[in-house]
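Colleague: Could you have a look at this structure, given as structure tokens, before my questions?
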Amino acid sequence: LIIVKVINIKALFFINKFFYKFINKINSTKKESNATDHKKIDINVNNNSPTGNPIYVANNKKAVNKVIYCVLALLLGGIGAHKFYAGKIAAGILYLLFFWTCIPVIIAFIEFILALCKTEDSYGNILV
């Protein structure tokens, strides 16, 4: 019985040592990739918008007016009006298909709160 416990303890030390080396190897590769990898943000500015304000598109996000987006998310979020306004047609259609479950209403309320917490640019736009 004592021999079995000693073998188990040695096995645990071996497993612990193996995982420690494995985790250190993963962390070192992450650090190397982070040192060479920079986040690349592709920002396209379109100055031909109807309001005259530039529309920024960065990392598949569109700049929308914060006030309009929040009002749509709060009042008509259950049917996806804020998603259509943000140019996310597929998400808006999903909201329309599932509005009867009230799940989109809950998600829209959460998105309303998140949009309120975002900082706006000088034109009053947020990235969504």
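Colleague: Mind checking which residues of the range 84-126 are within 20 Å of Ala63 (Cα to Cα), surrounded by 13 or more Cβ atoms within 10 Å (Cβ to Cβ) and of a type outside the set (A, V, I, L, M, F, W, C)?
Modeller: Matches in the range 84-126: Tyr85, Gly87, Lys88, Gly92, Glu111, Lys118, Glu120, Asp121, Tyr123, Gly124, Asn125.
Colleague: Another question, then. In this structure, does Tyr95 turn out to be hydroxyl-bearing (Ser, Thr, Tyr), in contact (Cβ under 8 Å) with a residue 40 or more places away in the chain and assigned to a helix (DSSP H, G or I)?
Modeller: Taking the combined requirement at face value, the residue does not satisfy it.
Colleague: Pairs needed: first member in the range 98-111, without any contact (Cβ under 8 Å) to a residue 60 or more places away in the chain; second member anywhere, outside any helix (DSSP H, G or I) and open to solvent by less than 100 Å² (accessible area, probe 1.4 Å); C-beta distance under 9 Å; at least 6 residues apart or different chains.
Modeller: Correct list of pairs: Phe99/Gly80; Pro104/Gly80; Ala108/Gly80; Glu111/Val128.
The values are calculated or read from the model by the stated rules, or taken from the named source; none is laboratory data. Worth saying up front: this structure is predicted, and the values here are computed from it rather than measured. With ideal geometry, Cβ positions are generated from the backbone for all residues, glycine too; neighbour counts draw on all protein chains shown. Ligands, DNA and RNA are excluded from the accessible area calculation, which covers all protein heavy atoms including side chains. Shrake-Rupley method; radii C 1.70, N 1.55, O 1.52, S 1.80 Å.
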